[in-house]
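Colleague: Would you mind keeping the following structure in view while I ask a few things?
The values are calculated or read from the model by the stated rules, or taken from the named source; none is laboratory data. Note that the coordinates shown come from a computational prediction; the quantities given were computed from them, not determined experimentally. Every residue, glycine among them, receives a Cβ derived from its backbone with ideal geometry; neighbour counts consider all protein chains shown.
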Amino acid sequence: MQKICPLVYFTALCLFAPTGGAQIEKEAPMKISSPDFIEGGEIPVKFTCDGENTSPALKIEGVPATAKSLVLIMDDPDAPKGTFTHWLLWNLKTDLKEILANSPPQDAAQGLNDFGKNKYGGPCPPSGMHRYYFRLYAIDAVPNLSANSQRAALEKAMEGHVLGKAVLMGRYARQAK
């Protein structure tokens, strides 16, 4: 009978032996999508200043289990004077799977956008094609901010608390009339 080298035996044992224990599952990455437009696609006129100016439906997946709330920021980095904030939502519940079109969750806070309003302000570029980002954050805190808070205050409240982030980008250019 031949002797088996202990190192070869151990390596074979590790490679071919059943694991016998529970498998460790990794959390799926957080995602945000919309049934109203595809990633990188054109945002329909209905959701812009040229249409009904209502918010699109958004779907949320993969929120980290340790999150205490969600934050949504919609902005346009292509605005002539720098990034323009179109929508601020915070204190969204972590079990939220969908934000219905034109229907922000009632228990969420809406901050002051760069139009000076506490609501969604749709794409309305002065010229050319602009990109609009829906940025979803999972945080381990529940910001205590007034409804008149602007983006800077919200971002300060989020500092050091972000557990996950997902981004959806759509495009829009106004049609010549």
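Colleague: Considering only residues of the stretch 153-177 that are over 18 Å from the mean Cα position of the chain (by Cα) and aliphatic (A, V, I, L, M), which is nearest to GLU39 (Cα to Cα)?
Modeller: My answer is ALA173.
Colleague: List, please: which pairs have Cβ atoms under 6 Å, are six or more places apart or on different chains, and start with a residue in the stretch 22-37 that is surrounded by fewer than 11 Cβ atoms within 10 Å (Cβ to Cβ) and end with one that is among the aromatic types (Phe, Trp, Tyr) and modelled with pLDDT under 95?
Modeller: none
Colleague: Can you find a residue in the stretch 132-141 that is in a strand (DSSP E or B) and touching a helix residue (DSSP H, G or I) at 6+ places or on another chain (Cβ under 8 Å)?
Modeller: Yes, some residue in the stretch 132-141 is in a strand (DSSP E or B) and touching a helix residue (DSSP H, G or I) at 6+ places or on another chain (Cβ under 8 Å).
Okay, residues lined up against (1) out of contact with any helix residue (DSSP H, G or I) (no Cβ under 8 Å at 6 or more places or on another chain); (2) of a type outside the set (A, V, I, L, M, F, W, C); (3) at pLDDT 95 or above:
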residue	(1), (2), (3)
ASP78	yes, yes, yes
LEU89	yes, no, yes
ILE99	yes, no, yes
GLN106	yes, yes, no
GLY116	yes, yes, yes
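Colleague: Output the residues belonging to the stretch 53-84 that are surrounded by 23 or more Cβ atoms within 10 Å (Cβ to Cβ), among the β-branched types (Val, Ile, Thr) and part of a loop (DSSP other than H, G, I, E, B).
Modeller: VAL63 - this is the single residue of the stretch 53-84 that is surrounded by 23 or more Cβ atoms within 10 Å (Cβ to Cβ), among the β-branched types (Val, Ile, Thr) and part of a loop (DSSP other than H, G, I, E, B).
Colleague: Select from the stretch 59-73 the residues that are more than 9 Å from the chain's Cα centre (by Cα) and not basic (Lys, Arg) and write down the one among them that is nearest to LEU112 (Cα to Cα).
Modeller: SER69
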